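Reading through the structure tokens given below for one structure.
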Amino acid sequence: LSVKAPAVYVKPKREQYIRNPVQQTVQQFKRFIENYRRHIVCFIIVFGITAGVITERSYFYSSQAEATGVPETTVMGIIVARGTAAGVSFLYPYILLTVCRNLITLLRETFLNRYIPFDAAIDLHRIMAMTAVVLSVAHSLGHVFNVYIFSISDLNILSCLFPNIIANNGSEIPPKWYWWFFQTVPGITGVLLLFAFAFMYVFASHYFRRISFRGFWITHYLYVVVYILTVIHGSYALLQEPRFHVYLIPPSLLFLLDKLISLSRKKVEIPVVRSELLPSGVTHLEFKRPQGFVYRSGQWVRIACLMLGTDEYHPFTLTSAPHEETLTLHIRAVGPWTSRLRELYTEESLLELGSYPKLYLDGPFGEGHQEWNDFEVSVLVGGGIGVTPFTSILKDLVFKSSIKSKILCKKVYFIWVTRTQRQFEWVSDIIREVEEMDTQELVSVHTYITQVAEKFDLRTTMLYVCERHFQKVWNRSLFTGLRSVTHFGRPPFISFFSSLQDVHPEVSKIGVFSCGPPGLTKNVEKACQKMNKKDQAHFIHHYENF
């Protein structure tokens, strides 16, 4: 395996990068469209509908609603308020479809996966949520303007516009601004909705999610309150008949169906059969495979542990392969919940409990890494704990190869980037198992240890020399005892990808799957974009951040 690997690392010829800048830009744009055409089409459809309903309501209140008398009182405010309300009325209900995990996993096995990027559902969820929040703020500002106009208008005019809530009692003094916000149902519900959005937005940010996943979990359940308040907010029909429920009913029915599927699985406790505390804060759990549990390599599940005093679910990628009898997870302690889970499986805790704490399981759910089998040549890049989906994929690949199963994939390059060799220890057993089963030499594994390169003193220089000599003589790594090649430093993705085009000239598309911290996936994406400026093999990148 390592004998052939150096051929992959041939540095690209300088002449290949000398191109007209305009041609580079055009080529890069074409490749971007090809890579993300499904995303672009879905984006256009979703936000085209949003723009359409906003435009329709804005046009109606600017030119078609003179009979109501409202536009004559506050034209600009009413156009902004009603237009943005229409956009929000579409986005908030249909954002539910992006979190129907079971339905998404089911649909991505159908022909629809060729047209809809199901694996980008969470990205679309974030974009739709951000857009809806921005429109909600604009809606509020529109009503702030409206309230200002109403608070200086004659009472007899207001009583004609809003006969249900304002009576012409002979007084010419109109209601003050705070009456509109805090003494009317639409005003109170609107203020409460803004507070709910603020809480959800803050605790959904990456920073707060890492500090307290429970805070994110709890505040996101405010979505129930949001939908109830939104229905009440528009039910008083101050300006128009309620329309929100028309948008809400179809996606909410599908969302409830998806929830019922998840709840049906959550009733079963999954007994843990083995646990092991590994270096770098990684907890290895092996548990019984539920009856009828079918999954594919690279998929993930959500687990809960009631012994931790909470029923919150956390997502983790399965490191076991579909042909194995048990399910395994490698969970790194990076937050309060995962740290408490690790403490629960210490020897002292297990002696006190007398048995392994049981888990609740929800899943499996699909990710883009399942598409590794759609390419003749695939590159898997894992950083840190991001190696977990690829351990499952590698085991699945060599198993299918050993039983002579028909697979499109002819070669897989697995690159794992880790700071220290100590972090690599828990993966070495899995890679050793892969190497023993890989009689066809389908997998080429390369480990990059970055911390050694950062402290390149005499000791690490000698380690580097010994490692290279050991690999050359014994065809094994001095560090790991594996055939996989160990490198010191960061992977040269551009040189690596360029040489792949020379090693596999017959391949027109190469799948690249990266999983790890944002910095790693960003570097892989940049390398793919640079390679896609050329007229050779097309690199299609799928990524997931931890």
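Worth pointing out:
- Criterion violated by His233 - all others in (1) in contact (Cβ under 8 Å) with a residue 12 or more places away in the chain; (2) more than 24 Å from the chain's Cα centre (by Cα); (3) part of a loop (DSSP other than H, G, I, E, B) satisfied: (3)
- Among residues of the range 529-545 being of a type in the set (A, V, I, L, M) and either in contact with a Gly (Cβ under 7 Å, 6 or more places away or on another chain) or outside any helix (DSSP H, G or I) (or both), the one that is most open to solvent (accessible area, probe 1.4 Å) is Ile540.
- Among residues of the range 194-230, those that are in a loop (DSSP other than H, G, I, E, B) and open to solvent by less than 80 Å² (accessible area, probe 1.4 Å), counted: 3
- Sole residue being at pLDDT below 85 and assigned to a strand (DSSP E or B), chosen from Thr521, Thr486: Thr486
- Options Lys472, Lys526: the member that is surrounded by fewer than 18 Cβ atoms within 10 Å (Cβ to Cβ), at pLDDT 80 or above and outside any strand (DSSP E or B): Lys526
- When residues in the range 316-331 are screened for being in contact with a strand residue (DSSP E or B) (Cβ under 9 Å, 6 or more places away or on another chain), open to solvent by less than 10 Å² (accessible area, probe 1.4 Å) and in contact (Cβ under 8 Å) with a residue 60 or more places away in the chain, 3 of them pass.
- Boolean, Gly234 is of a type outside the set (S, T, N, Q) and modelled with pLDDT under 80: yes
- The criterion of being open to solvent by 20 Å² or more (accessible area, probe 1.4 Å) and in contact with a Cys (Cβ under 7 Å, 6 or more places away or on another chain) holds for Leu254.
- Restricting the range 88-147 to residues that are of a type in the set (D, E, K, R) and surrounded by fewer than 17 Cβ atoms within 10 Å (Cβ to Cβ), the residue that is modelled with the highest pLDDT is Arg126.
- The lone exception for Phe513 - which of (1) free of Cβ contacts under 8 Å to residues at least 40 places away in the same chain; (2) surrounded by 22 or more Cβ atoms within 10 Å (Cβ to Cβ) it fails: (1)
- Condition met for Gln299 (among the polar types (S, T, N, Q), closer than 20 Å to Leu263 by Cα and open to solvent by 40 Å² or more (accessible area, probe 1.4 Å)): no
- Condition met for Val334 (out of contact with any Asp or Glu (no Cβ under 9 Å at 6 or more places or on another chain) and open to solvent by less than 30 Å² (accessible area, probe 1.4 Å)): no
Results for (1) aliphatic (A, V, I, L, M); (2) surrounded by 16 or more Cβ atoms within 10 Å (Cβ to Cβ); (3) closer than 18 Å to Phe496 by Cβ; (4) at pLDDT 80 or above, shown as yes or no for each residue.
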{"residue": "Tyr356", "(1), (2), (3), (4)": "no, yes, no, yes"}
{"residue": "Leu361", "(1), (2), (3), (4)": "yes, yes, no, yes"}
{"residue": "Asn373", "(1), (2), (3), (4)": "no, yes, no, no"}
{"residue": "Lys400", "(1), (2), (3), (4)": "no, yes, no, no"}
{"residue": "Ser405", "(1), (2), (3), (4)": "no, no, no, no"}
{"residue": "Ser428", "(1), (2), (3), (4)": "no, yes, no, no"}
{"residue": "Val434", "(1), (2), (3), (4)": "yes, yes, no, no"}
{"residue": "Asp438", "(1), (2), (3), (4)": "no, yes, no, no"}
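- Subset tally (residues that are under 18 Å from Leu361 (Cα atoms) and in contact (Cβ under 8 Å) with a residue 40 or more places away in the chain) for the range 333-350: 5
- Taken over the range 489-518, residues that are part of a loop (DSSP other than H, G, I, E, B) and closer than 26 Å to Gly298 by Cα amount to 7.
- The listed residue being in contact with a strand residue (DSSP E or B) (Cβ under 9 Å, 6 or more places away or on another chain), without any contact (Cβ under 8 Å) to a residue 24 or more places away in the chain and more than 30 Å from Tyr227 (Cβ to Cβ), out of Glu286, Glu276: Glu276
The values are calculated or read from the model by the stated rules, or taken from the named source; none is laboratory data. Bear in mind the structure is a predicted one, so any value in this text is a computation, not a measurement. Here Cβ is always computed from backbone atoms with ideal geometry, including for glycine, and neighbour counts include all displayed protein chains. What goes into the accessible areas is simple: the full protein's heavy atoms, side chains included, and nothing from ligands, DNA or RNA. Shrake-Rupley method; radii C 1.70, N 1.55, O 1.52, S 1.80 Å.
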